[in-house]
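Peer 1: Once you've had a glance at the structure underneath, I'll fire off some questions.
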Amino acid sequence: MEYSEILDLAIQRCEGTYLNNWKKFYKIYPFTTENISGYINSFNIYNKSLLTVGSSGDQLLNAILLGANDLTLMDINPFSKYYYYLKMAAILELNINDYLLFFRFNDYPDVFKLNDDVFNKDIFNKIKDTLRSIDYLSYLFWDDLLQMNLPIDVRKNLFSNDEYRNHMLISCNPYLCNENTYMILRNKIKKVNPNFVMGDIASIDLHKQFDNIWLSNILTNWYSINDIKDIVFKFNNHLIDGGKILISYLYDTNSNSEYDDKWADIYNIPLLFNSFNEYNLSLYTFTGVDGLKWKDPNYKKDSVLIYTKKK
């Protein structure tokens, strides 16, 4: 998709004249909806390569913090590349408080409040020269949108409303834990130049192998067991021996969870392990996002389904 078409789609969405173009792809997630802190240490990513889904860009940012040096983001939403570079420029130029002030919207700065300073144009002016030097099309994209629209309209119309409260975002994201981790990321992010591949995961074209592949929660979207196996087999061909695929992030799920037949197949853990008996699968469980919400690590558990390629 050419830049002019991407910008036109974004303008239509911001103006509410998009008609049926939502069928192309959904909104950007402003921040992760996963507890990345819960599972990231299950993967060896220091000086390793990573292919990841994640329109929020947080998967990339946290991987960079932990030392990944060869990163590729794949997403069906072409805005995700521009959003990553917007976050990168903000990290390079803003302190952690101004970063949150610029990107946060729901329940910020207080619970049940909406942030009037989201995508504040004065703050954008502080980062736009850096953004321009990093990626010129990203600079054009955000500069054009913020000149033609109210910042709040950009936030409401291009972004999902699914955004956790501040204490949860900080718990989910190692790079937001404190000023120190944020500054470490600032120093590391300058040295990393991610690749971006746009398209649906079932048909996306890849030309290299990776140490780790993260498919986020894409496969919770009503893929059948056979579809899931086909997708895992596809990505297995792009995984090094001993590498790992995060097949899916599973909310409120552990090995003892009872399956409801109204749920997507990916949540049927016994069936999944039986269907994948030739694969080396494991289920890693940790404090879930609901547990973070209520500040109770035992309240509910999330899991990631991991495939490890045999050497």
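Peer 1: Among 133, 138, which is surrounded by 15 or more Cβ atoms within 10 Å (Cβ to Cβ), in a helix (DSSP H, G or I), in contact with a helix residue (DSSP H, G or I) (Cβ under 9 Å, 6 or more places away or on another chain) and among the small types (Gly, Ala, Ser)? Please lay out each step first, then the result.
Peer 2: Numbers: 133 fails: surrounded by 15 or more Cβ atoms within 10 Å (Cβ to Cβ).
Only one candidate passes the filter, namely 138.
Peer 1: Still on this structure: Does any residue in the stretch 101-125 that is modelled with pLDDT under 95 and of a type in the set (Val, Ile, Thr) come within less than 7 Å, Cβ to Cβ, of a residue that is in a helix (DSSP H, G or I) and open to solvent by 20 Å² or more (accessible area, probe 1.4 Å) six or more places away or on a different chain, and which pairs are these?
Peer 2: Hits for this filter: zero, empty list.
Peer 1: When you scan the stretch 2-20, do you find a residue that is under 21 Å from residue 140 (Cα atoms), touching a helix residue (DSSP H, G or I) at 6+ places or on another chain (Cβ under 7 Å), basic (Lys, Arg) and open to solvent by less than 10 Å² (accessible area, probe 1.4 Å), even just one?
Peer 2: Yes, there is a match, as at least one residue in the stretch 2-20 is under 21 Å from residue 140 (Cα atoms), touching a helix residue (DSSP H, G or I) at 6+ places or on another chain (Cβ under 7 Å), basic (Lys, Arg) and open to solvent by less than 10 Å² (accessible area, probe 1.4 Å).
Peer 1: Pick out the one residue from 292, 283, 271 that is over 13 Å from residue 228 (Cα atoms), open to solvent by less than 80 Å² (accessible area, probe 1.4 Å) and in a helix (DSSP H, G or I). Even if it seems obvious, please write down each step before you answer.
Peer 2: Numbers: 283 fails: in a helix (DSSP H, G or I); 271 fails: over 13 Å from residue 228 (Cα atoms).
Step by step, each of 292, 283, 271 is checked, and only 292 is over 13 Å from residue 228 (Cα atoms), open to solvent by less than 80 Å² (accessible area, probe 1.4 Å) and in a helix (DSSP H, G or I).
Peer 1: So, of the residues in the stretch 42-79 that are surrounded by fewer than 23 Cβ atoms within 10 Å (Cβ to Cβ) and hydroxyl-bearing (Ser, Thr, Tyr), which turns out to be nearest to residue 307 (Cα to Cα)?
Peer 2: 42
Peer 1: Under the condition of being surrounded by 14 or more Cβ atoms within 10 Å (Cβ to Cβ) and out of contact with any helix residue (DSSP H, G or I) (no Cβ under 6 Å at 6 or more places or on another chain), which residue from the stretch 295-306 is farthest from residue 235 (Cα to Cα)?
Peer 2: Among them, the one singled out is 301.
Peer 1: Sticking with this structure for a sec: Hey, does the stretch 174-191 have a residue that's under 15 Å from the mean Cα position of the chain (by Cα), surrounded by 15 or more Cβ atoms within 10 Å (Cβ to Cβ) and either among the basic types (Lys, Arg) or more than 15 Å from residue 88 (Cα to Cα) (or both)? Step through it out loud before you land on a result.
Peer 2: Looking only at the stretch 174-191, we keep the residues that are under 15 Å from the mean Cα position of the chain (by Cα), and these are 174-176.
From what is left, the residues that are surrounded by 15 or more Cβ atoms within 10 Å (Cβ to Cβ) are 174-176.
Those left that are additionally either among the basic types (Lys, Arg) or more than 15 Å from residue 88 (Cα to Cα) (or both): 174.
Among the residues of the stretch 174-191, at least one is under 15 Å from the mean Cα position of the chain (by Cα), surrounded by 15 or more Cβ atoms within 10 Å (Cβ to Cβ) and either among the basic types (Lys, Arg) or more than 15 Å from residue 88 (Cα to Cα) (or both), which makes the answer yes.
The values are calculated or read from the model by the stated rules, or taken from the named source; none is laboratory data. Being a predicted model, the structure only gives us computed values, none of them experimental. Note that each Cβ is placed from the backbone with ideal geometry, even for glycine, and that neighbours are counted across all protein chains shown. The accessibility values were calculated without ligands, DNA or RNA, using every heavy atom of the protein model including side chains. Shrake-Rupley method; radii C 1.70, N 1.55, O 1.52, S 1.80 Å.
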